[in-house]
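Let me begin by presenting the structure, written as structure tokens, before commenting on it.
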Amino acid sequence: MRLHSLLLLIVSSVSLMACSNNEEVELNAWMAQVKKETPVRVQALAAPKVFVPVAFQGGDLSDPFDPMKLSVVFARLKAQNDNGLKPDFDRPREVLEAFPLDEMKMVGTFDNRKNLIGLVQVGKLIYQAKVGNYLGQNYGKISSVSQERMDFVEVVQDTNGEWTERKASLELQEAKK
């Protein structure tokens, strides 16, 4: 029985291959005929436009990009936009201002009988931070410390170059068990 099934399978395969070869030959012949009958139409490209250079005639006019004029305009804009929020660049920087906020974690607090002090972890080191201290790279000044979080106000420049305040906070990170 097994030999009979194998023989039937071989005969079926050979007959299918013969049919597919015949259909493939017919298909190739039909495609060749269609290629012969189809006219090829290629549209001609338009000629490129001729560029005629124009000489600059404003040699005796004032230069709109003169650095002296630009500095006057920028000084006027700066005076108009001065809203008093500019950070003090001359004060000494504090330790926590060297780190970005995404590297900081508030890990606890302690009370020294005068005020609540937050504990901020950066890497493997822990720093103390209290109200009035600065942290982060955007001139953030701590405004309040509680058991759950530290609130601070950052001073950042907007797209117009004006200094604006932005409130942010560090929340207490729960210990991983």
Which one is modelled with the highest pLDDT among residues in region 78-114 that are more than 16 Å from L172 (Cβ to Cβ) and polar (S, T, N, Q)? N112
Restricting attention to region 98-156, which residues are in contact (Cβ under 8 Å) with a residue 12 or more places away in the chain and either of a type in the set (K, R) or touching a Cys at 6+ places or on another chain (Cβ under 9 Å) (or both)? K105, K130, K141, R149
Working carefully through the options E154, E162, find the one that is farther than 19 Å from V122 by Cβ and surrounded by 12 or more Cβ atoms within 10 Å (Cβ to Cβ). E162
Out of (1) modelled with pLDDT of 85 or more; (2) loosely packed, with under 10 Cβ neighbours inside 10 Å, what's the single condition that is false for Q33? (2)
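The values are calculated or read from the model by the stated rules, or taken from the named source; none is laboratory data. Since we're looking at a predicted model, the values are computed, not measured. Don't worry about glycine lacking a Cβ; one is built from the backbone with ideal geometry, like all the others, and counts go over all protein chains shown.
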